Amino acid sequence: MTLSRATLAGASATAAAAAAILIRREQTRRATERFAAAALETLLKAIDANDADTGAHVRRVATYALILADAADLSEHDCKSIERVALFHDIGKIHEAIEDIVREPNSLSPGERRAIAKHPTVGASVLEPLRVFYPDLPDGVMAHHERWDGKGYPRGLKGRRIPLSARVVAIADTFDAITHGRPYRSGQTAAVARRALIDGRGLQFDPELVDLFLFPPVYARVTRAEHALEEWKPPVQKRRTGREEDESVPDITFRWRPGRSASRERQSSDPMPQTAR
C-alpha cells in the first residue's frame, strides 16, 4: 500500500514533535543533575567555610579511601561513591551545638559524646534530598560509624550489611582521626593508628579491607599521601559553565584536591570509639 504525501508529512511532523519533546526532557534532566552536583560542591565549600580543620580532614579521608578502593580494584562507580561518602561523612557536624562540642578543648562528657553520635543521622538527613541523584550517599554517610561486629551506630548494622563505601571510609576515617588531633585530644603516630586498625580487625572494621589497607605497598601510598597533605589549603573553585560535554553528573569529579584530578590514581564495645570521631 502506497502512503499519500499528506500521511507521510503528518508522520514526519509527529516524529519531529516527539523528538523535540525528548530533547527538552534530556536537557531538563541534565540541568537538574548539574544542579544536584552544584549543590554538593556548595556543601563542600560550606564545610571549608565552617571549619577548615574538618575540610582538611574529609579530604585526607577521601584520599586514603580512594587509595584503598584502588587497591581493591573496585569499579569506577564504586570509587565515586566512596569519594562522595568520604567527602561528606562529617557534614552532620555542621550544626552549632555539635560544632561547639567538637571545638571544645576539654575531654568530652558522656552527654557530649551522645550528641556527636547523632552526626551520621543528621548528615544523612541533610543529603536525603539528593538521593534521587546519589542514592548511595545518604546511606553511606549514615553508616560510617557502624561496626563489623554489629555494635556500631546508629542502626547496629553488621558485616556486609554495612554499605561498602561506609566500610572503606571507616578505616580511612579512623586512621586520620588518630594521626591528626582534635581540640579534645592530641594526634598520635601512624604506628599507633596501624595498631588500632589491627586491633579492630573483624570487630570494628571489615577484616579484608584492613588487611589490604595495611598491605605494605598500599600502606606506603597512604603514608606518602599523609605527608603530602599536611599543608592542605582550600582549592581554588572554578565556576561551572554548564557547557561540559555529556557530563555524567552522578559520577562527577569534585574539585577538592589542588593541582590533581580526583580520578583514580594507579600505582605500584564502646558505641562511639575514640579513634573515629
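The values are calculated or read from the model by the stated rules, or taken from the named source; none is laboratory data. Here the structure is a predicted model, which means the values were calculated and not measured. Here the Cβ positions follow ideal geometry from the backbone for every residue, glycine too, while neighbour counts run over all protein chains shown.
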### Task
Would you confirm whether any residue within region 168-175 is of a type in the set (S, T, N, Q) and either surrounded by fewer than 17 Cβ atoms within 10 Å (Cβ to Cβ) or in contact with a strand residue (DSSP E or B) (Cβ under 6 Å, 6 or more places away or on another chain) (or both)?
no
### Query
What residue, among those in region 186-202 that are among the basic types (Lys, Arg) and surrounded by 16 or more Cβ atoms within 10 Å (Cβ to Cβ), is nearest to residue 53 (Cα to Cα)?
194
### Message
For region 1-115, give me every one of the helices (runs of 4 or more DSSP H) that falls completely inside it and has 3 or more residues that are modelled with pLDDT of 70 or more and buried (at least 16 other Cβ atoms within 10 Å of the Cβ).
### Response
5-50, 52-71, 76-88
### Summary
In region 147-191, anything at positive phi and touching an Asp or Glu at 6+ places or on another chain (Cβ under 9 Å) is listed as 156, 159
### Task
Answer with yes or no whether residue 155 is under 21 Å from residue 78 (Cβ atoms) and surrounded by fewer than 20 Cβ atoms within 10 Å (Cβ to Cβ).
no
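Here's the yes/no breakdown for (1) at pLDDT below 95; (2) of a type in the set (A, V, I, L, M); (3) within 15 Å of residue 169 (Cα to Cα):
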position	(1), (2), (3)
195	no, no, no
201	no, no, yes
209	no, yes, yes
217	no, no, no
227	yes, no, no
230	yes, no, no
237	yes, no, no
## Note on the structure
Of the residues in region 195-214, those that are farther than 16 Å from residue 71 by Cβ and in a helix (DSSP H, G or I) come to 195, 196, 198, 199, 200
